[in-house]
Amino acid sequence: MFRRVLFLLLLSLFIASCGGAPAATEGTSAPTAEQATLEPTSQAFLPETPTPTQTPLPTSTPTETPLPPLELPTEIPSAPALLAWDGVPTYLGDSQPGYAFRVLYNPEIWALTQDQFGFPALAHRAIPYCVISVTSGRGLPPNVSVEQDVLYTKTVTFYVGTAYENGVKKFVTYTGGDGVIFTAFQVSFEEQADQCLADAETVLTTLRSVPSFQATPTP
């Protein structure tokens, strides 16, 4: 009996030792470098579109187109050394009634003509755009500044205003008289300003008043 029990015990131990190994627990293992593959991304990449830039338009700086020089009459053959330019004073309220102004000019240097507005003027024969014309007080644009001075002679006093546009000398005004008439002139120029002004002052300092009935008619 004892042997039988011992045999059964040994048999059961043998069967237990010969049983199958327990199944391996399923788990997630990290893939190797060779097994790993990159999943393609689903995001689509659009090509970069350059931001449109505005091309600056060419800007044009307005330039002043000079008027043509005044037409000059031909020189008078055998003309006297000085000719008279007579006219109505531009400040009639400050002048005695019945008087005109008179200035004397050299016909070889100056020509009596008309300015762009149809008024009598003296134009220099050798310096284009050098012109003596009558004028009166008026406003000036903000970019024009004026330097004031006084010109005295034995018979005439002129208040001189030199106008500068953006720092460039543009014209000079002479306002005054001989105590009988009060009038104003403007000397304009584009080049040779000093020579133009010197020749103009030679004319303007001859200013005097004459009775209107003695005034030489302006052609």
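Descriptive notes on the structure:
- For region 193-208, 3J(HN,Hα) per residue [Karplus equation, 6.51 cos²θ - 1.76 cosθ + 1.60, θ = phi - 60°, Hz, x = Gly/Pro]: 4, 5, 5, 4, 5, 4, 5, 5, 5, 4, 6, 5, 6, 8, 4, 7
- Pairwise label distance in nanometres, THR216 with TYR91, each label 7 Å out on the Cα-Cβ vector: 2.6
- Amide H to amide H distances under 5 Å link ALA100 with VAL210, SER212, where only residues 5 or more positions off or on other chains count and H is placed in the peptide plane.
- In region 173-219, GluC sites (Glu not before Pro) in a DSSP loop with at most 10 other beta-carbon atoms within 10 Å: GLU191
- Rounded Å value of the spacing that divides the Cα centres of region 148-219 and region 99-118: 12
- Trypsin sites (Lys or Arg not before Pro) restricted to region 120-219 and DSSP loop, no more than 10 other C-beta within 10 Å: ARG138, LYS154
- The residues packed around TYR152, meaning those with a beta-carbon under 14 Å from its beta-carbon, carry a net charge of -2 if Lys and Arg are +1 and Asp and Glu are -1.
- Qualifying chymotrypsin sites (Phe, Trp or Tyr not before Pro) in region 109-176, DSSP loop, other Cβ atoms within 10 Å at most 16: PHE117
- Förster radius 35 Å - calculated FRET efficiency between TYR152 and ILE76 (Cβ-Cβ, nearest 0.05): 0.60
- Modelled label positions at ALA84 and VAL180, each set 7 Å beyond Cα in the direction of Cβ, lie 1.1 nm from each other.
Bear in mind that the values in this text are calculations on the coordinates, not laboratory data. The model shown is predicted, which means the values in this text are computed figures rather than measured ones. Neighbour counts are summed over all protein chains in view; Cβ atoms, including those assigned to glycine, are modelled from backbone coordinates with ideal geometry.
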